[in-house]
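Everything below concerns the one structure shown next.
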C-alpha cells in the first residue's frame, strides 16, 4: 500500500475498524446489519485500491464514485445502529468521523479529476 496516500490509508483503516465493529454486531446476533455494513464498509477501501490501477482517468473517477456510494451506504447503516436502542452505538472517533474524512477526500479527488477530464475536452 502507498503509505503517502491519505485516502488509501484512511479507507484501509476504516475497513479494519468496520470489521471490528461488525464482529461485535455478529457476536450480538445482529447479522443483517452486520452483513450489510461489512459489505459496504469494506467495499470503500477495495474500490479506492482498485482505482489505483485505472484504465483511464474516467475509469479512475468511476471507481471513486462507487467508493463514494459505498461510503454513503455505510453512513446509513451506522446511523441506523447509532439511533436504534437495540444496537451498540458506533464510535464517533473510530467510525463516524473517519468515514466523514474519507467522504471529504473522495469528493475532493473526484471533483479535481472531473475538472481534468472536462479541461481535456
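Please find the FRET efficiency linking residue 80 to residue 120, where r is the Cβ-Cβ separation and R0 is fixed at 41 Å, and quote it to the nearest 0.05. Intermediate values should be presented prior to the final figure.
Values: r = 41 Å, r/R0 = 1.00.
Result of the calculation: an efficiency of 0.50.
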Label-point gap, in nm, between residue 13 and residue 55 - each point 7 angstrom along Cα→Cβ: 3.4
Helix 6-27 vs. the chain, principal-axis angle (Cα, 0 to 90°, nearest 10): 20
Angle between the chain longest axis and helix 57-83 axis [Cα atoms, degrees, rounded to 10]: 20
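Taking only DSSP H segments of four or more residues, each worth -39500 (n - 2.57), what value at 222 nm results for the chain once the sum is divided by all its residues, to the nearest 500 deg cm²/dmol? Spell out each step's value before the answer.
Numbers: 4 runs with 93 residues, N = 121.
It comes out at -27000 deg cm²/dmol, rounded to the nearest 500.
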Whole-angstrom Cα spans of the chain along principal axes, big to small: 52, 26, 23
Sequence-separation-based contact order of segment 35-95, relative, with Cα cut under 8 Å and 6+ spacing, percent: 32
Angle in degrees between helix 97-120 and the longest Cα principal axis of the chain, rounded to the nearest 10: 20
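With a cut-off of 8 Å between alpha carbons and a minimum separation of six or more residues, what is the relative contact order of the chain in percent?
So the answer I get is 27 percent.
Every number here is computed from the coordinates shown, using simple stated rules; none is lab data. Since the structure is predicted, the reported quantities are computational estimates derived from the model, not experimental observations. Virtual Cβ from ideal backbone geometry, glycine too; neighbours counted across all protein chains shown.
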